[in-house]
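A short worksheet on the structure shown next.
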């Protein structure tokens, strides 16, 4: 059986298959990682700063984009944020990074990130207030599910997903279990991450 | 004080090349590393010769009272060290160890959805305390200017505080690219770098404010001492800034190297 390919919008055709199920790229953010490194670049004596800051550190979801994908970067960012919101990684009222910060971290143009934020704002998922940043909105997404256009688009995407799974050589049973696992992962109850990140 | 004026630029000019000696070659070192290292040393030598020539001319042409007050050593030290560091030092270091540069060529890029602008490492109370110190120092400097000190000192004070404050605020918006897994250790390295830079900018701003005001007050209270104090305090601030900048670069390089390792593993 062929391994499951990543289902993120950013996956290019022919990309290296990921190990295991991956609904959204940022969902892997909570995995603990062993310490790695190629030795010290320069010795910093008594460097306890990382240990101190780790006491106050919060784990945040990670957004990933691929430059070599056929999907536009704006759509990749918007999809990643939608996944994070849908999965509860960022809850209603949570502030999002500024356009400038996200663009700097991803090494992209600010206008690309700003367009993605505007797309989500138009969908009612986030709200931007000048000078205060962008926050996740609540409730609106549920109301949109009853809109015929939204429902038709979701059905279209489901068909595309099923078609791609079949073209990739996946069996019906595998595809079904993959989708069910994704749904279970999305709807499972999640503990609140950190009270300091809420307003 | 003459040795301050003479040694400060030499120290600043030599710093990038001397620093590069302590960076160990990485296994992924570029083949051009020796060439770039030679270029750095040649540029350092040229910078030292230029400084020696101009300084000798200034000392020969101007009486000591004048050249002691000239801004040449400070201006030259700052500009030459910047050119040497960013123009020659960083390329040489990157060639020796690619960890000094973030892997921007990678097709996959990741970022944490963390609103860093809301969580500045310097707490609000420290900012309030800093602004109170600034207000007191600005008041003292204003009094000194009205009593006869040069008005440029107020401009210098305002510029210094603006630059330090701007730098401290901007640290939270600097690029912090992650790997796909969002390695916690990498996030910790970035957080440590952020805290270090923010606090150093804060300390630099606060110390500079006090130094500017002290020199302004000395100009009125004890003019002969003002020049000496200005040179000593300015040199100390410059050295502190150089050390802080270098240590911040080391921290950044560490994070970059970890990102390289993680990206390669993925």
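FYI, it's all coordinate maths here, none of it is from the lab. What you see is a predicted model, and the numbers here were worked out from it, not measured in a lab. Positions of Cβ are generated from backbone atoms using ideal geometry, with glycine treated the same way; all protein chains shown enter the neighbour counts.
How do B:6-12, B:93-99 rank on mean C-beta neighbours within 10 Å, highest first? Please report the intermediate quantities before stating the final value.
Values: B:6-12: 18.9, B:93-99: 22.0.
Averaged packing, sorted descending, gives the order B:93-99, B:6-12.
Per DSSP helix of 4 or more residues, -39500 (n - 2.57); summed, then divided by the residues of chain B. What does that give at 222 nm, rounded to the nearest 500?
-25500 deg cm²/dmol
Using Cα-only point scatterers and the Debye equation, what is log10 of I(q)/I(0) for the range A:58-141 at each q in 0.14, 0.16, 0.24, 0.27 Å⁻¹, rounded to two decimals?
-0.43, -0.56, -1.31, -1.61
Using alpha-carbon positions, what is the distance between the centroids of the range B:152-205 and the range B:122-144, in Å?
Between the Cα centres of the range B:152-205 and the range B:122-144 lies a distance of 20 Å.
Expected output is a single nm value to one decimal: the length gained when fully extending between residue B:203 and residue B:48, i.e. 0.36 nm times separation in residues minus the C-alpha distance. What is it? It would help to have the intermediate numbers written out before the result.
On the way: separation 155, 0.36 × 155 = 55.80 nm, distance 3.04 nm.
Here the answer is 52.8 nm.
Taking beta carbons within 10 Å but only from partner chains, what does the mean come to for residues B:169-182?
Other-chain Cβ atoms within 10 Å of each residue's Cβ, averaged: 5.
Give me the inter-chain shielding for A:96-103: mean count of other chain Cβ atoms within 10 Å, whole number please.
Values: counts 3, 11, 6, 0, 3, 12, 5, 3.
Per-residue shielding by partner chains comes out at 5.
Could you give me the radius of gyration and the Dmax of the range B:116-266, taking only the C-alpha atoms into account and expressing both in angstrom?
Radius of gyration, then largest Cα-Cα span, for the range B:116-266: 19.2, 66 Å.
Kindly express, to the nearest 10 degrees and within the range 0 to 90, the angle between helix B:72-82's C-alpha long axis and the longest C-alpha principal axis of chain B.
Long axis of B:72-82 versus the principal axis of chain B: about 0 degrees.
Rounded if a/c is under 1.5, else prolate if a/b is larger than b/c, else oblate: which is chain B, with a ≥ b ≥ c the root eigenvalues of its Cα gyration tensor?
Here chain B falls in the oblate category.
Kindly express, to the nearest 10 degrees and within the range 0 to 90, the angle between helix B:184-221's C-alpha long axis and the longest C-alpha principal axis of chain B.
10 degrees
Take every residue in peptide B:192-200, count the Cβ atoms of other chains within 10 Å of its Cβ, and give the average of those counts.
That average works out to 3.
With axes computed from alpha carbons, what is the tilt in degrees of helix B:124-146 against the longest principal axis of chain B, rounded to the nearest 10 within 0 to 90?
That works out to roughly 30 degrees.
For residue B:86 and residue A:164, what does the FRET efficiency come to when R0 = 45 Å and r is the distance between their Cβ atoms, rounded to the nearest 0.05?
Computed FRET efficiency for residue B:86 and residue A:164: 0.45.
Is the range B:177-231 best put as rounded, prolate or oblate by its Cα gyration tensor, with a ≥ b ≥ c the root eigenvalues, rounded for a/c under 1.5, and otherwise prolate when a/b is larger than b/c, oblate when not?
It comes out prolate by the Cα gyration axes.
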